[in-house]
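Participant: Here it is: the structure, laid out below.
The values are calculated or read from the model by the stated rules, or taken from the named source; none is laboratory data. Everything numeric in this text was worked out from a predicted model, so none of it was measured. As a convention, Cβ positions derive from the backbone with ideal geometry for all residues, glycine included, and neighbour counts pool all protein chains shown. These area figures cover heavy atoms from the full protein model, side chains too; ligands, DNA and RNA do not enter into them. Shrake-Rupley method; radii C 1.70, N 1.55, O 1.52, S 1.80 Å.
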Amino acid sequence: MNKGLISMLMLLVSIFTVGSSGSATAQANTSHPYVICIDPGHQLKGNNQLEPIGPGSSVKKPKVSSGTRGVVTKKPEYVLNLEISLKLKKELEKRGYKVVMTREKHDINLSNKQRSDIANKAKADLFIRIHADGSNSPKTEGFSVLYPAQNNKYTKPIYAKSKSASEFIYNEMKHTTKAKSKGVVPRSDLTGFNWSKVPVTLVEAGFMTSPREDKRLSESSYQNLIVKGISNGVDQFFSKK
Ligand SMILES: [Zn+2]
């Protein structure tokens, strides 16, 4: 080959490489290519304006509810959710994942649909929503992990992976926290699931309306166990994918 032909070929190669960059290039450069979007549930003020619970749905729900509150700690759920989420971000980054947060402060106004939009836009490999539970009974305890139900028309393409991730996270959380648990639970009524185009899971870390569980959920050492369980589950999900 003559010099001119070689340099033209090299130019073509470089044009192709630039043109097809993006995820493939990013993946080649890191040991873990995966992007995780974390959504710390709720915010300083709920927003009762309505939004459709899924694309084209006539059923509407408030954009974002105000969440529960610690019966002993008096801590609002949105504060606990962000505490756990920031620890989770740190741990997942330590393990090599790229983490995108929907929020890192309390005083924002982001609907559940908008939170899914962030995960979709980031092309997250997994969207993890962090919440805590509330009940009328102080005796109700236990964490659970929610996933989009199988018969839900909005989430068919993400059902299998979402369920798989939820099961891994649930089993690992059981192992690390040794806490009471209420299972892996299918849901079709959650706006934040129905708008998601990427595999999604929601961790209900425990009941803030149980005095015992509320206190424990705010202990840094217990939060670390939750984070370790979720992260181990995430590792397993991606290693078996
Ligand atoms: Zn919540």
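Participant: Determine the per residue accessible area of segment 37-240 with all protein chains present and a 1.4 angstrom probe, expressed in square angstrom.
Facilitator: 45
Participant: Continuing with the same structure: Each label point is 7 Å from the Cα along the Cα-to-Cβ direction; what then is the distance between the points at R212 and K240, in nm?
Facilitator: Rounded to a tenth, the inter-label distance reads 3.0 nm.
Participant: Here's another thing I want to ask about it. At 0.36 nm per residue, and after removing the present C-alpha to C-alpha distance, how many nm does the segment from N136 to S66 gain when stretched out fully?
Facilitator: Gain on extension, N136 to S66, equals 23.6 nm.
Participant: Once ligands and nucleic acids are excluded and a 1.4 Å probe is used, how much of H106 is accessible, expressed in Å² to the nearest 10?
Facilitator: 60
Participant: Whenever you get a sec, line up E204, E167, E104 from highest to lowest accessible area (probe 1.4 Å, protein heavy atoms).
Facilitator: Order by accessible area, largest first: E104, E167, E204.
Participant: Keeping all protein chains in place and using 1.4 angstrom, which order do E219, E83 fall into by accessible surface area, from largest down?
Facilitator: E219, E83
Participant: Can I ask one more? Rounded to the nearest 10 degrees, what's the angle between the helix 77-94 long axis and the longest principal axis of the chain, both from Cα atoms, 0 to 90?
Facilitator: Between helix and principal axis, roughly 40 degrees.
Participant: Same structure again: Expressed in nm², what is the orientationally averaged projection area of the convex hull enclosing the Cα positions of the chain?
Facilitator: In nm², the orientation-averaged hull projection of the chain is 15.9.
Participant: Which whole-number percentage describes the relative contact order of the chain, with Cα contacts under 8 Å and a sequence gap of 6 or more?
Facilitator: 24
Participant: Given the options N81, T201, S231, identify the residue whose Cα lies farthest towards the positive end of the charge dipole of the chain (+1 on Cβ of Lys, Arg; -1 on Cβ of Asp, Glu).
Facilitator: Result: T201, furthest along the dipole toward the positive end.
Participant: While we're on this one: Multiply the residue gap between H106 and S220 by 0.36 nm, knock off their C-alpha separation, and tell me the result in nm, one decimal place.
Facilitator: This chain segment gains 39.1 nm when fully extended.
Participant: Accessible area of D235, 1.4 Å probe, to the nearest 10 Å²?
Facilitator: D235 has an accessible surface of roughly 50 Å² with all protein chains in place.
Participant: Could you derive backbone 3J(HN,Hα) for segment 207-222 from the dihedral phi with the Karplus parameters 6.51, -1.76 and 1.60 (θ = phi - 60°), listing whole Hz in sequence and x where the residue is Gly or Pro?
Facilitator: 9, 6, 8, 9, x, 5, 6, 4, 4, 5, 4, 8, 6, 4, 5, 6
Participant: If L86, L92 are ordered by their accessible area, calculated over protein heavy atoms with a 1.4 Å probe, which sequence runs from highest to lowest?
Facilitator: If we order L86, L92 from most to least accessible, we get L86, L92.
Participant: Still on this structure, I have one more. Largest first and in whole Å, what are the equivalent-ellipsoid semi-axes of segment 65-185 based on the Cα gyration tensor, each being the root of 5 times an eigenvalue?
Facilitator: Value: 23, 20, 17 Å, ordered largest first.
Participant: Carbon-plus-sulfur fraction of the accessible area of segment 37-240, 1.4 Å probe, in percent?
Facilitator: 51
Participant: Tell me the angle of helix 159-177 to the major Cα principal axis of the chain, expressed in degrees between 0 and 90 and rounded to the nearest ten.
Facilitator: Value to nearest ten degrees: 60.
Participant: Another question, if that's okay. Dipole of the chain, Cα-centred, from +1 at each Lys and Arg C-beta and -1 at each Asp and Glu C-beta, to the nearest 20 debye?
Facilitator: Dipole about the Cα centre, nearest 20: 140 debye.
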